[in-house]
Amino acid sequence: MIVTRALLAALALCAACASLSGSEEDVWYYKGKTQAEWAEELKKSKNEEAWKAFDRFGRHGAYELLQLIQQGDAQCRERALSKIRPDYLSVPKNQDLVKSFLRDENPAVRKAGIQLLAPLVAKDEQWIMHLNDLRKDANGEVAAAAEQALKPVMSKILFND
C-alpha cells in the first residue's frame, strides 16, 4: 500500500514535469548545438550541416529561420524561406515576426513575408488586411507579390473597398 502511494506520487510528479516542459519554447539540440547556435553558424559560414540541423528541428527551428529571413543576406533569406512551412506560422510569436516583415524597410523582406502568408490568406482572414495594404507598396515587386497572394480572396477585397 505504501509502495503504491509512493509510486502514484512519483508518476504524478513526472506527469507534471512533462506537461511543463512540453511548451513551444523548448530548446532543441542537434549535434550538441541549439537552434540559436545553428542560426549563428548560418550567419557566419552558411555550412550545410547547419541547414541539416534546421531540417531536423522542423517547426522547432521556425523562429530562428524567420529571424534569418529578416536578418540574413539574400542567399540565406532564400534558403530559410524555402524551409518554412505554413503550419509553422500557427505559433503567435512566429506570426508577430512575419507581421514585422511586412513593415520592414527592405523590400526583399516584405516580399518574403508575403510569400510566407500567401498559402494562409484564403484560410485566415487576418492576413488579408495586412497584404491588401502592400498592394500599394512603392516597390513594384512587393506590390505584385501582394496582388498575387490576394488573388484567391480578391472578391472579398473588392467588395470591401
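The values are calculated or read from the model by the stated rules, or taken from the named source; none is laboratory data. Since this is a predicted model, take the numbers as computed values, not measurements. Here the Cβ is made from the backbone with ideal geometry for all residues, glycine too, and neighbour counts use every protein chain on show. Accessible surface areas use protein heavy atoms only, side chains included; no ligands, DNA or RNA. Shrake-Rupley method; radii C 1.70, N 1.55, O 1.52, S 1.80 Å.
Which numbered condition in (1) within 18 Å of the chain's Cα centre (by Cα); (2) under 20 Å from residue 43 (Cβ atoms) is the only one that residue 119 fails?
Unmet condition: (2).
Determine, yes or no, whether residue 116 is within 16 Å of residue 67 (Cβ to Cβ) and of a type in the set (A, V, I, L, M).
yes
Taking the stated definitions as given, is residue 144 part of a helix (DSSP H, G or I) and buried (at least 16 other Cβ atoms within 10 Å of the Cβ)?
no
Scan segment 81-104 and report the pairs whose first residue is without any contact (Cβ under 8 Å) to a residue 24 or more places away in the chain and whose second residue is assigned to a helix (DSSP H, G or I) and open to solvent by 20 Å² or more (accessible area, probe 1.4 Å), with Cβ atoms within less than 9 Å and a gap of 6+ or a chain change.
Cβ pairs passing all conditions: 90/59; 95/126; 103/110.
Report, by residue number, each residue of segment 110-123 that is assigned to a loop (DSSP other than H, G, I, E, B) and surrounded by 14 or more Cβ atoms within 10 Å (Cβ to Cβ).
If the condition is that a residue be assigned to a loop (DSSP other than H, G, I, E, B) and surrounded by 14 or more Cβ atoms within 10 Å (Cβ to Cβ), then 121, 122 are the ones that fit.
Quick check on segment 79-109: of everything there that is closer than 18 Å to residue 124 by Cα and assigned to a loop (DSSP other than H, G, I, E, B), which residue is farthest from the chain's Cα centre (by Cα)?
It comes out as 102.
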